[in-house]
Every structure is written in structure tokens, then in C-alpha cells.
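The structure under discussion is supplied below as C-alpha cells; questions concerning it will follow.
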Amino acid sequence: MKLRSIALLGAGGWALYRMAQHLGVPPGVEPVQPFSLTRYLGRWYEIARIDHGYERGLTDVTADYRLLAGGKVQVTNRGFDPALRRWREAQASAQPIAGGADAHLQVSFFWPIRASYIVFAVDDDYQHALVSGPTHDYLWLLSRTPQTRPGARATLLEQARDAGFDTGRLTWVDQRRNLAGLSAGLPRRKLVR
């Protein structure tokens, strides 16, 4: 009886672990190939997103990617919460999915939950990117600058629609604080280590 209980607990634990893994790729989304993770590193500004509870209401959202030993990537997301009048920051680790394209990463903000992070569009200069999660409910339009040209924005929206995303669900991110900091010539903030 004890052995059976242990086996059931183990099976239940494994099932919970597998449910915490959201590593799929939505239909119509293909990771960029070829993709240079090295060129992708650095600061990205969130131009628009399909909103979720963990980002809801945040403005001035940035994501910084830094390569760590062993090929993992440290991800630092930061945004301003106007309701609380303070900055919020979260760190995660990411790494390419084993045997997959470098543009399909698994990201984890806390163990054991992991999710797909798929770069499915990036321009030749790595200045604009589209990122998906495991379903069409996750989409981010990213840029190396806090603002994008209308032509670049239109191209990103068209690529997102072609990949099956409802771009009417996008929340456009206010980047005024980041723009003001760049205009004032303030030094870029250092990453928390």
C-alpha cells in the first residue's frame, strides 16, 4: 500500500510539473532562423503587448538580456507602476529549447514554471522584434528605442496579424519616462546583478 501511495504521489508530482511547462508554439508562429542570440542581447523597449495580470498597468517597460556562463540568458524586466508610483522589476533566466532554434527560448521567472519565448520576427539590424509566448494570448512588440517609426510599426502589426494574432488586443505602452531620461542624457541604469 505504501509503495502504491508513493507511486501515485510521484505520478501526481510529475503531472503538476508537466502542467507548469508551457513550451508550445502557436499555429502560424515560426522561430526566426537564422537567429543571433548575441545580437539580440541588450536593452529592448516594450512598444505594445497583449496585456496580462503581471504587466497590467505598467508603463515604461524594458527588458534587458545578458548572456551568462553556460549559455543561459539573464532577463531583467522593469516597468513603472503608476498606481503605486514605483518601479517594479523581475528577473528570469532563459535558454534555447534543447534541439530547437536559438530564437525559441524557455524562460523561467521561478522554478518549476517555464514558458516559451519565441522571437518570430526581427529586422536585419535587430532594431525591432516580435515575440510570442506559447499561445496567441502572448505577444510583445519590441524596439531598441522607446518609439518606433510608423512604417516599422505597420510592418510589425502586419507580421503579427499574419502569424494569427488579434492585434486589436494590443496595449500600447507609454514610454514617456524612458524618453525623458534619454532626452536628458541620463546614463542608462545598470543591471541589477
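Select, from Val25, Val29, Val73, the only residue that is under 18 Å from Val119 (Cα atoms), without any contact (Cβ under 8 Å) to a residue 40 or more places away in the chain and buried (at least 18 other Cβ atoms within 10 Å of the Cβ).
Val73
Please work out which one of (1) modelled with pLDDT under 95; (2) surrounded by 13 or more Cβ atoms within 10 Å (Cβ to Cβ); (3) touching a Phe, Trp or Tyr at 6+ places or on another chain (Cβ under 9 Å) is the condition His136 fails and give its number.
Unmet condition: (1).
To continue, here is another question. Among the numbered criteria (1) surrounded by fewer than 19 Cβ atoms within 10 Å (Cβ to Cβ); (2) not in a loop (DSSP other than H, G, I, E, B), which one does Thr145 miss?
(2)
Quick check on this structure: which one of Arg66, Arg56, Arg85, Arg39 is charged (D, E, K, R), surrounded by fewer than 18 Cβ atoms within 10 Å (Cβ to Cβ) and on the phi > 0 side of the Ramachandran plot?
Just one listed residue meets the conditions, Arg85.
Residue-by-condition table, conditions (1) surrounded by fewer than 19 Cβ atoms within 10 Å (Cβ to Cβ); (2) at pLDDT below 95; (3) not β-branched (Val, Ile, Thr):
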position: Gln95; (1), (2), (3): yes, yes, yes
position: Asp102; (1), (2), (3): no, yes, yes
position: Leu105; (1), (2), (3): no, yes, yes
position: Trp111; (1), (2), (3): yes, yes, yes
position: Ala115; (1), (2), (3): no, yes, yes
position: His128; (1), (2), (3): no, no, yes
position: Ser132; (1), (2), (3): no, no, yes
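Can you pull out every residue in the range 80-98 that is in contact (Cβ under 8 Å) with a residue 40 or more places away in the chain and within 25 Å of His136 (Cα to Cα)?
Glu89, Gln91, Pro96, Ile97
A further question follows. Working only within the range 148-168, note down all residues that are closer than 20 Å to Thr62 by Cα, among the basic types (Lys, Arg) and in a helix (DSSP H, G or I).
Hit for the range 148-168 is Arg153, nothing else.
Consider Leu139 against the criteria (1) closer than 20 Å to Tyr65 by Cα; (2) free of Cβ contacts under 8 Å to residues at least 12 places away in the same chain; (3) aliphatic (A, V, I, L, M): it satisfies all of them except one. Which criterion is unmet?
(2)
Scanning for something modelled with pLDDT under 95 and of a type in the set (S, T, N, Q), does the range 47-63 turn up at least one residue?
no
Being over 15 Å from the mean Cα position of the chain (by Cα) and of a type in the set (A, V, I, L, M) is the filter; apply it to the range 39-79 and report the residue that is farthest from Asp137 (Cα to Cα).
Ala69
The values are calculated or read from the model by the stated rules, or taken from the named source; none is laboratory data. Bear in mind the structure is a predicted one, so any value in this text is a computation, not a measurement. Note that each Cβ is placed from the backbone with ideal geometry, even for glycine, and that neighbours are counted across all protein chains shown.
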